[in-house]
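The values are calculated or read from the model by the stated rules, or taken from the named source; none is laboratory data. Predicted model only: the values in this text are computed from it and were never measured. Ideal geometry is used to build each Cβ from the backbone, glycine not excepted, and the neighbour counts take in all protein chains shown.
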């Protein structure tokens, strides 16, 4: 991800038109961009000649470094590597490439609201708001599981929960499910065959991380751990139960 000030310096340098357009796609925040948006971004960063360029043609000839999705032009993983090589220290960190990998999973999430929720968590990740990204993605995953239970397996869930805890009051909606401790909730999910043992173990690791991020403490996080957390939830919850 390129900061806007870094983009100005790079566009003023000795780069080809194609390289400059790719730089615009790497500018923060990374997201699919329409040609009009790319032109406005480049023009605002000092590349006045962009208004005379055929941006779509330039990108279509980028040899796989950029692709046009339904939402606009965006970098491929090869394109991010190419920009990182050209930008050097201005690229900052491996976050852009990791974020691209996470975003590639979004297309597998059918529900638009769920997809937007995951994308917001990825935006927090891109902005290095690591604790927020962990908490937001976890809350979204649990909310989705609650909704799935209410819609598809409420009777079976309640029966198993009551077997484990005679004091359990049968849930009728997602708010009721939220009264159960999340650790116990995951155990019941496995018992009713909604998730397997290995998935439950990974989700419990995610719960531990979420608990650590949700309270003031001295724990430090880096992008790779947070990316793995979001990816685990995306593959095992969001894409499966959306």
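Could you list all residues from the range 118-127 that are in contact with a helix residue (DSSP H, G or I) (Cβ under 7 Å, 6 or more places away or on another chain) and either closer than 19 Å to residue 211 by Cα or touching a residue at least 24 places away in the same chain (Cβ under 8 Å) (or both)? Scanning the range 118-127 gives 118, 121, 122, 124, 125, 126.
Taken over the range 18-36, the residue count meeting the criterion of being surrounded by 15 or more Cβ atoms within 10 Å (Cβ to Cβ) and part of a helix (DSSP H, G or I) is 9. If you filter the range 78-94 down to residues that are closer than 16 Å to residue 4 by Cα and at pLDDT below 75, you find that the one that is surrounded by the fewest Cβ atoms within 10 Å (Cβ to Cβ) is 89. Against the condition at pLDDT below 95 and either touching a strand residue (DSSP E or B) at 6+ places or on another chain (Cβ under 7 Å) or in the same structural domain as residue 122 (by TED's automatic domain parsing) (or both), how does residue 227 come out, does it pass? Here the answer is yes, as residue 227 does meet what is asked. Scanning the range 95-121 for residues that are within 20 Å of residue 4 (Cβ to Cβ) and at pLDDT 85 or above gives no hits.
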